[in-house]
Each structure stands twice: as structure tokens, then as C-alpha cells.
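The values are calculated or read from the model by the stated rules, or taken from the named source; none is laboratory data. Since the model is a prediction, treat every value here as computed from it, not as a measurement. Cβ atoms come from the backbone with ideal geometry, glycine included; neighbour counts cover every protein chain shown.
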Amino acid sequence: MRKQRKPSEPVFKAYYQDQGWLFPPNLNEMIPENHLVRTVNAIVDRMDLTALYAKYKGGGRSSYHPKMLLKVIIFAYTQRIYSSRQIAKALRENIYFMWLSGMNRPDFRTINRFRSWRMRGVIDELFYSVVEILEEMKLITLDSYFLDGTKIEL
């Protein structure tokens, strides 16, 4: 028979930090369908990355996939994370970054090298492509543009 509790006693949900999982969680199920990270993922998947792929010679050790690194950097920028060390930290600690990277964890040097060397010369083209795809998906309009409170009519 259950113990009767007084109406003034607090009741807590079960809390077990060391509880094992029969199956590991699927990160995809933990990301809401309309989350920004899914939009970034869809946009980069639609982009033509030929110019970025051309920056890789081949041979040697395998590299992190440039599509994954680009997704991570674009999403980091949307979250106002610009530091390579902070992006690397997010890849270890933030479920959205983990999902986007497929649980890959490039270190801050790899992220910095990708941004400063691999993206050099193609970054403008890549970000223009992002804006074009956002407009195609009707997620933005290019009627007006605001930057630091200044309105520019196009």
C-alpha cells in the first residue's frame, strides 16, 4: 500500500543521472522540425560547392567534409559565435552543432584553417548563394535591407 503524503509535502519527478539507455538517443529526433539548424542544413545541401571542393588537392590524410564545416560555420554565425575555439566547444557541447556535424569534432585549428585558407576566394560566392537560396525558399525578400539601423531600398 502506498504511503499517504501530506498535502504540503513537495513531489519530485524521478531523477537518475547514471541511468543507462537501452538504445542511444537519435539526435535527429531531438531537433525540432522548424529549427534554424534544419534550414541551414537544407540550404547548404542545395548549394553548388564545386569552387570549395576545388580547394582540396587529394592524397594524404582524409579531411573533414567541407560541406559539414560550411554548415557548422554558417550556423555558428547565425548564433553569433565567431571564435574558432567557441565553435569547437559548441561541437562538443551543443546538440544542434552535434547533429549538424554528424558528431564530428574538428578542433579549433581545423576550423580556423578551413575559414582562413579553404574558404579564401570563395566565401563571397558561398554567402551570395546562401542569400539566393533563402530568397528562392521565400524565407527572405530583398525588397529592403537593414544594416545597423540604416534602410537601403533595392
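Per-structure values
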quantity	calculated
Subset tally (residues that are at pLDDT 80 or above, of a type in the set (Asp, Glu) and either touching a helix residue (DSSP H, G or I) at 6+ places or on another chain (Cβ under 7 Å) or on the phi > 0 side of the Ramachandran plot (or both)) for segment 98-154	2
Unique residue being at negative phi, at pLDDT 95 or above, hydrophobic (A, V, I, L, M, F, W, C) and part of a loop (DSSP other than H, G, I, E, B) when the list is Ile87, Ile81	Ile81
Pairs, first hydroxyl-bearing (Ser, Thr, Tyr) in segment 129-141, second assigned to a loop (DSSP other than H, G, I, E, B), C-beta under 8 Å, six or more apart	Ser129/Met47; Ser129/Asp48
Test: residue in segment 88-106 that is in contact (Cβ under 8 Å) with a residue 24 or more places away in the chain, under 29 Å from Glu132 (Cα atoms) and in contact with a Ser or Thr (Cβ under 6 Å, 6 or more places away or on another chain)	no
Hits in segment 11-62 - residues which are surrounded by 14 or more Cβ atoms within 10 Å (Cβ to Cβ) and assigned to a loop (DSSP other than H, G, I, E, B)	Ile31, Met47, Leu49, Lys55
Total residues in segment 63-84, condition in contact (Cβ under 8 Å) with a residue 12 or more places away in the chain, among the basic types (Lys, Arg) and either loosely packed, with under 13 Cβ neighbours inside 10 Å or over 19 Å from Met103 (Cβ atoms) (or both)	0
